[in-house]
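What follows is a single structure, written as structure tokens, with notes after it.
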Amino acid sequence: AAADLPMPPPLPPTVLPDGAVALQPAGVLLRFLDGLIDAVALYIIAFIFAVLVGHTTKEGFNLHGLPGLIWWLFAVAYYIWFEGKIGATPGKLALGLRVVKTDGSPCDMKAAAIRTICRIVDNFLFIGLIIIAVSKRNQRLGDRMAGTLVVKTRSIKFSQMKSSQFGNFDD
């Protein structure tokens, strides 16, 4: 079953100067890219669904009424199921990221549901990315409310994108 897929463990924790141990949270760029991958996947699925229910137009598609409600429930379930059962959405899997609780234990369905509900605020005008950028542990509102972190399971470097002017985008 998909829930039994082996997930790579987070990267080895970093030992902080005071001797504490910290997981390696994903930064703004990786979080933006994982969201973009999931948005594209959901858009493609929405288009296929719109074709099946006859909600396409010359300009594209428009899901409203009962099909719109079904689509919205599917999108909510997408995030809750992938993060609660597997620990990562397809976008996170593609980039080597994983959702864990702040103590390093796996994300559960309750935390995944809280994270998903908070997307309403986090996705408005990129508020989530702004909150991640100013957070010490790169947590958006949903992470803070659910007690979770998005951590790296493999090292990805965007060395050309690093700049002292813009900060370190990949960690």
Of VAL134, VAL100, ordered by accessible area with the largest first and a 1.4 Å probe, the sequence is VAL134, VAL100
Taking each pair of different alpha-carbon atoms in the range 45-101 once, compute 1/r for the pair, average those values, and report the inverse of that mean as the Kirkwood hydrodynamic radius in Å to one decimal. 12.8
So how long is each side of the range 15-148 along the principal axes, counting just the alpha-carbon atoms, biggest first, in Å? 61, 26, 24
Quick one: ranking ILE45, ILE80 by accessible area, 1.4 Å probe, largest first, what do you get? ILE45, ILE80
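The values are calculated or read from the model by the stated rules, or taken from the named source; none is laboratory data. Remember, it's a predicted structure, so these values are computed and weren't measured experimentally. Remember, those area values only see protein heavy atoms, side chains included, never the ligands or the DNA or RNA. Shrake-Rupley method; radii C 1.70, N 1.55, O 1.52, S 1.80 Å.
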